[in-house]
Amino acid sequence: MNVRISARNQLKAKVTEIQRGAVESELFLQLHNKESFMAIITNDSLETLDIKVGSEVYAIFKANAVVVSTDVKLKKSDRNRFTGTIERISRGNFDAEVVVTLKSSNTICSTMSIDTLDELNLQNGMEVVAFCKPSSIIIGIR
C-alpha cells in the first residue's frame, strides 16, 4: 500500500526496546539524535508489521494530539515530552497551527484554539515543550 496521509507529525525512528503486555506492547523509539519517546500498539499490530528491536518505523500522529506548554519544566502524565523552539505560528480565525523544531531538527506540529494560543502568549523563537500520549501514535513501516 502506497499512501500519503494527512497527519502532520511523521517522525522516522528506531525501535530500541519492546515491552510486551497481554494485549498491547510499548515501543520505545529513538530519533537520530537520541531523543526518545514511546508508542503503544496492539500485539497483533506488532506481529503483523513484524516489528523488532532495531526496526526503523514511522511514528505518525495528528497535530490535534499534541499539547504545547511554555513551562519547559512541566511534568505531565503523558510519557512523551518533546522540547523545542517555535519555528512558525499560523493563526486562523478560530484555530492556530504551531510548528516546533526539536533538537533533532525534526518538527512537531500542534493545532489549538486561538484562545489557547493567546493564553499561552506563544511567539516564534520561544522555547516550549510538546506532549503527546503514546496511545495517540500510529506506527507505520516501509
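The values are calculated or read from the model by the stated rules, or taken from the named source; none is laboratory data. Because the structure is a prediction, the values reported are computed rather than measured. Cβ: placed from backbone, ideal geometry, glycine included. Neighbour counts: every protein chain shown.
Residue-level analysis places Leu74 outside the set of residues that are surrounded by 19 or more Cβ atoms within 10 Å (Cβ to Cβ) and aliphatic (A, V, I, L, M). Considering Val15, Val23, the condition of being in contact with a helix residue (DSSP H, G or I) (Cβ under 8 Å, 6 or more places away or on another chain) and either in contact (Cβ under 8 Å) with a residue 60 or more places away in the chain or not assigned by TED's automatic domain parsing to the domain that holds Ser105 (or both) is satisfied by Val23 alone. Can you confirm whether region 112-130 contains a residue that is at pLDDT 95 or above, of a type in the set (D, E, K, R), within 20 Å of Leu31 (Cβ to Cβ) and out of contact with any helix residue (DSSP H, G or I) (no Cβ under 6 Å at 6 or more places or on another chain)? Yes, region 112-130 has at least one match. In this structure, Val128 qualifies as more than 12 Å from the chain's Cα centre (by Cα), part of a strand (DSSP E or B) and not assigned by TED's automatic domain parsing to the domain that holds Val53. Counting only strands (runs of 3 or more DSSP E) wholly contained in region 1-109, the ones carrying 3 or more residues that are more than 30 Å from Glu119 (Cα to Cα) occupy 9-20, 24-30, 36-42, 56-61. When every residue of region 97-112 is checked against the conditions, none turns out to be among the small types (Gly, Ala, Ser) and over 29 Å from Ile18 (Cβ atoms).
Given the structure, is Val53 hydrophobic (A, V, I, L, M, F, W, C) and either outside the structural domain of Gln19 (by TED's automatic domain parsing) or touching a His at 6+ places or on another chain (Cβ under 6 Å) (or both)? No.
Among the residues here, Thr42 qualifies as over 11 Å from the mean Cα position of the chain (by Cα) and either hydroxyl-bearing (Ser, Thr, Tyr) or surrounded by 14 or more Cβ atoms within 10 Å (Cβ to Cβ) (or both).
Scanning region 56-71 for residues that are surrounded by fewer than 17 Cβ atoms within 10 Å (Cβ to Cβ) and out of contact with any Lys or Arg (no Cβ under 6 Å at 6 or more places or on another chain) yields Asn64, Val67, Ser69, Thr70, Asp71.
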